[in-house]
Structures are given as C-alpha cells and as structure tokens.
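Student: The structure is given below, and queries will be raised subsequently.
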Amino acid sequence: MKEDSLNNPETNRKTEGIYPKWKLISTHIGRRSLATNLYGKYATPLIVAMTGHAREVTFLQYIVTMHLLLLNFE
C-alpha cells in the first residue's frame, strides 16, 4: 500500500488516499524497463521501434534521463 492520489472518473479530480501499488502504476513503467534493460544489448533502432519512439534522438534523451535518475538512487 502506498499513499498517493488517483484520478476519480466521476469528478475528474485526483483523490488522495492509500492504494495498492498496482493501481498507481501504468504501462509506461513497462516501456521504461524494456528500454533501459535492452539498451546496450540490442541495436538502438530495434529498441526505438519496440518502444514506439518517433526518433532515435528522442529515445537517447530518454535513456540519458533514466540513467541520471538511476545514478541518483545509488
């Protein structure tokens, strides 16, 4: 359980509370994990196609951002 906020579809506003973690995550976590786990092991154009990024430059900015975030947690 984690304290956070969820969007209430009836009011279209966020409702704060304690929710199970699975209710707070989205498919974007899977995309991020796929990109960071495959980077350096597979050709970048292949990963770009798999993650749906429009351009390789955008994907590389995404990887650099994720790398910097991971460094802050160490």
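No value in this document is a laboratory result; all are computed from the given coordinates. Bear in mind that the values here come from a model prediction, so they are computed numbers and not experimental data. No Cβ is skipped: glycine too gets one built from the backbone with ideal geometry, and neighbour counts run over all protein chains shown.
Student: Net charge near HIS53: determine it from the other residues with C-beta under 15 Å of the C-beta of HIS53, scoring Lys and Arg +1 and Asp and Glu -1.
Tutor: Here the charged neighbours net out to +2.
Student: Evaluate 2.2 N^0.38 Å with N set to the residue count of the chain, then give the Cα radius of gyration divided by it.
Tutor: Rounded to two decimals, the normalised Rg is 1.41.
Student: Can you find, among LEU24, GLY52, ASN12, the residue sitting farthest towards the positive end of the charge dipole of the chain, where Lys and Arg contribute +1 and Asp and Glu -1 at Cβ?
Tutor: Value: GLY52.
Student: Which value, in debye to the nearest 20, gives the size of the charge dipole of the stretch 2-73 about its Cα centre, when Lys and Arg are +1 and Asp and Glu are -1 at the Cβ?
Tutor: Dipole about the Cα centre, nearest 20: 120 debye.
Student: Sticking with this structure for a sec: If you take every residue apart from TYR19 with its C-beta less than 14 Å away from the C-beta of TYR19, what net charge results, scoring Lys and Arg +1 and Asp and Glu -1?
Tutor: Net local charge, TYR19 excluded: +1.
Student: Among the helices of the chain (complete DSSP H runs), which have Cα atoms covering no less than 18 Å along the helix axis and a Kyte-Doolittle mean of at least -1.0?
Tutor: Within the chain the helices that satisfy the rule are 56-73.
Student: I would also like to ask the following. With both partners inside the chain, how many of the DSSP beta bridges are antiparallel, as a percent to the nearest 5?
Tutor: Approximately 90 percent, going by the DSSP bridge assignments.
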